[in-house]
Every structure is written in structure tokens, then in C-alpha cells.
């Protein structure tokens, strides 16, 4: 598959690289690292990384503005399992399309698809692509890939951090000594207002009888804390190790886009299938969704509560059998 991807990249003079809506560090890092590697390997190619950015991830790099779709161009989509979640690109408008993704399979939308849901991140896949092809690497690319890896593994704390992941990172750091302290500061440095919001969330979580914790943050409340809907994405993982619940949900009103952003995490119940029914998706234990109404928010919470109840009952049945 890697050989086919490289040959396709080599074939096209113009390449556009996209990823999923609701940008996160792994999506952006994999996208920009691949762009930089292609440009380094093929200086004459025109390569564009597109999509809506976020100022909080400006330390990773800048995106390009594409006024119109280039003729006879190749589209590469990273970190995105389904067509509807691609940010600012339609595969049908391009001469060819490549998907590089580590999410569970949802649908085929590219002429060439490399899906590995055992991989820790899209950044890990791009690292493998570069390592196993003539694509070139430098310290800037290595830094971007390292950022994507540590963000999608939560500093290698999640089970998606496999021996292969650690081996790849070890060799990356051997070849390109990075300023790890500076990188971690760039990733985890946050304004005091976000910590205050985090404290408010901890004080006001609602927890169901089945162990689902949730909170709904209105625009008025977010404004009070001088934050926005994107802040929830920065704090959701701060609630990973609370023993009183199995699933936790942060709902944030996004008045700019006239919707509700929903961040969901789990320590057992599979949540991505529910998220997929609410204009979202992701991994089994880390997903997101976007809905238009509070009724949809309540419906999603109700479904997740049922999934959690079924998970507990199944676990209890298994324990009784043992």
C-alpha cells in the first residue's frame, strides 16, 4: 500500500491535503507533516494543506488558502473515516483521492485507502509512510509528527500506544533530537480562564445512575469564563481518571456556527457508534459530535446512558459466570 501511495504522489504535480472538521493536533500535524515532506522530496510540486484552522494550534503550522480546485489534482485526506467529515474538500472534484486513516472503517470515498485502526494516530501512519518510502524527513517534520503522536495517545497513556509506536518514536528521536520540554509547553500551556472553566465543570457535572457524567455549557457561561466552545476540547481529557463515572460528555454551545459541539470520552463502553448517529464519530473510547438542537443533545446523552447500562450489565454477567 505504501508503494502505491508513493507512486500516486509522485505522479501528480498538484496535491491538496485535507483532514476532518473540528481540527485537532493529530489531524493538523499529519496533514502539515505530509505536505512538508512532499515539498521537501519534490520541490517543483504544488502542495496545499487546507481546512479551517484554530489559533490554539498555531504552534504546529499554517494552513493554505485555496481559491479554487486545481485541475488534475490529487486529494489526500488524513485522519478522516467518512466523506461528510472532510473539511473543505470533496473527493469527487479531484482527479484521484487517497485516504490515510486510523479510525475504524465507516465508508470508502477514495480510490486508494490505507486504513489501520491499530495505529495510534494518523501521524504514526505518516511517519511509517515516510520511513518506508523515498519521501524525505527533517527536524520540522519530525516535530510535527511527534506532536500528533503524543496528543492522540495522551502522552502514550492510552492503549493505542503499542510497542510499534514506541519503536517508531524512539528512532525518530534518535535521528532528530527534539526540544521535548518546549514541545510539551506548547501543547499543554493554557490560559487561567480554561482552568477556571475546568473547575466549574468539576463542580457542576451531572452523573446518571449508570455512570454517565455530562455538562451543558451555554454561550453565556463560556463568555463569562472568557472562553469559547473549543475550550472543552482542551479540558475533556482532564477528567479521565475520576472513578465515579465511565462515560463523560462536555456539551458546548457554538453560536458562531449555530450548533452544539460535544466531546465524549469513555473507560469501557463503546461510544463512537452513538457519535456517528449525531454527525460525529471517532474512536471507541474518544469521540465527538455536532448537533443543531438541545433535543438532539439530550437524545445523545440518553443513548450513551443506555449503552453504559448495557456495558455494566454485560460485565456483571461475565463476572457471575466466572
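The values are calculated or read from the model by the stated rules, or taken from the named source; none is laboratory data. Keep in mind that this is a model prediction, so the values were computed, not measured. Positions of Cβ are backbone-derived with ideal geometry, glycine not excepted, and every protein chain shown enters the neighbour counts.
Tell me whether region 120-136 contains one or more residues that are in contact with a strand residue (DSSP E or B) (Cβ under 7 Å, 6 or more places away or on another chain), within 18 Å of residue 14 (Cα to Cα), in the same structural domain as residue 176 (by TED's automatic domain parsing) and in contact (Cβ under 8 Å) with a residue 40 or more places away in the chain. Among the residues of region 120-136, not one is in contact with a strand residue (DSSP E or B) (Cβ under 7 Å, 6 or more places away or on another chain), within 18 Å of residue 14 (Cα to Cα), in the same structural domain as residue 176 (by TED's automatic domain parsing) and in contact (Cβ under 8 Å) with a residue 40 or more places away in the chain, which makes the answer no. Residues that are at positive phi and at pLDDT 95 or above number at least 1 in none of the helices (runs of 4 or more DSSP H) confined to region 204-322. Somewhere in region 217-230, is a residue buried (at least 17 other Cβ atoms within 10 Å of the Cβ), out of contact with any strand residue (DSSP E or B) (no Cβ under 7 Å at 6 or more places or on another chain) and within 30 Å of residue 127 (Cβ to Cβ)? Yes, the conditions are met somewhere in region 217-230.
Number of residues in region 159-189 that are surrounded by 16 or more Cβ atoms within 10 Å (Cβ to Cβ), assigned to a loop (DSSP other than H, G, I, E, B) and touching a residue at least 40 places away in the same chain (Cβ under 8 Å) equals 2. Filtering 177, 91 for residues that are within 30 Å of residue 68 (Cα to Cα), over 18 Å from the mean Cα position of the chain (by Cα) and not assigned by TED's automatic domain parsing to the domain that holds residue 280 leaves a single hit, 91. Can you spot a residue in region 145-158 that is in contact with a strand residue (DSSP E or B) (Cβ under 8 Å, 6 or more places away or on another chain) and either modelled with pLDDT of 95 or more or not in a loop (DSSP other than H, G, I, E, B) (or both)? So far as region 145-158 goes, no, none of its residues is in contact with a strand residue (DSSP E or B) (Cβ under 8 Å, 6 or more places away or on another chain) and either modelled with pLDDT of 95 or more or not in a loop (DSSP other than H, G, I, E, B) (or both). Exactly one residue among 86, 76, 115 is over 21 Å from residue 146 (Cα atoms) and buried (at least 16 other Cβ atoms within 10 Å of the Cβ), and that residue is 86.
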